[in-house]
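To keep things clear, I will list the structure first and then write my remarks on it.
Coordinate-derived values only; no laboratory data. Given the structure is predicted, the values throughout are model-derived calculations rather than measurements. A quick note on method: Cβ atoms are made from the backbone with ideal geometry, for glycine too, and the neighbour counts reach across all protein chains shown.
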Amino acid sequence: MSKTSNLVGAYSPYSCTISKEATSAFNEALDGLLGVTYTPVAVSEQLVAGTNYKFFCNTEAAVRYPINGSAIVSIYQPLDGKAHITSIQNIN
């Protein structure tokens, strides 16, 4: 088994174990977002002046015949303040 170490300022490897803090930031940032349901499957974190998260998500568009897909949802959680979405990248 190999040992993994993270570089300072780098994103962590994706993990399917999503912490309470990451889940809280995800829910806070997506509160009120309509049209697509994002379900997080894995998360990668970067510690900065706050935390950057990249969530790999399954998606479902809210249309008559739902369209399923995947996306990377990037969220920034500042040290003081509300978590917010910085980008959403659809994966085709």
Margin query: When the residues of region 19-38 are narrowed to those that are crowded, with 16+ Cβ neighbours inside 10 Å and out of contact with any Cys (no Cβ under 8 Å at 6 or more places or on another chain), which ends up nearest to TYR65 (Cα to Cα)?
Written below: VAL36
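Taking the conditions exactly as written (within 14 Å of the chain's Cα centre (by Cα) and in a loop (DSSP other than H, G, I, E, B)), does TYR11 satisfy them or not?
So TYR11 passes the test.
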Next item on the list: Considering each of GLY81, GLY50, GLY69 in turn, give the residue that is over 19 Å from SER24 (Cα atoms) and among the small types (Gly, Ala, Ser).
Entry: GLY69
Notebook entry, point to check: When residues of region 25-34 are filtered for being among the small types (Gly, Ala, Ser) and within 17 Å of GLN46 (Cβ to Cβ), how many remain?
Noted result: 2
Next item on the list: Select from region 39-60 the residues that are farther than 13 Å from TYR11 by Cβ, surrounded by fewer than 13 Cβ atoms within 10 Å (Cβ to Cβ) and over 13 Å from the mean Cα position of the chain (by Cα) and list them in ascending order.
Entry: ALA49
Notebook entry, point to check: Within region 54-92, which residues are without any contact (Cβ under 8 Å) to a residue 12 or more places away in the chain and β-branched (Val, Ile, Thr)?
Noted result: VAL63, ILE67
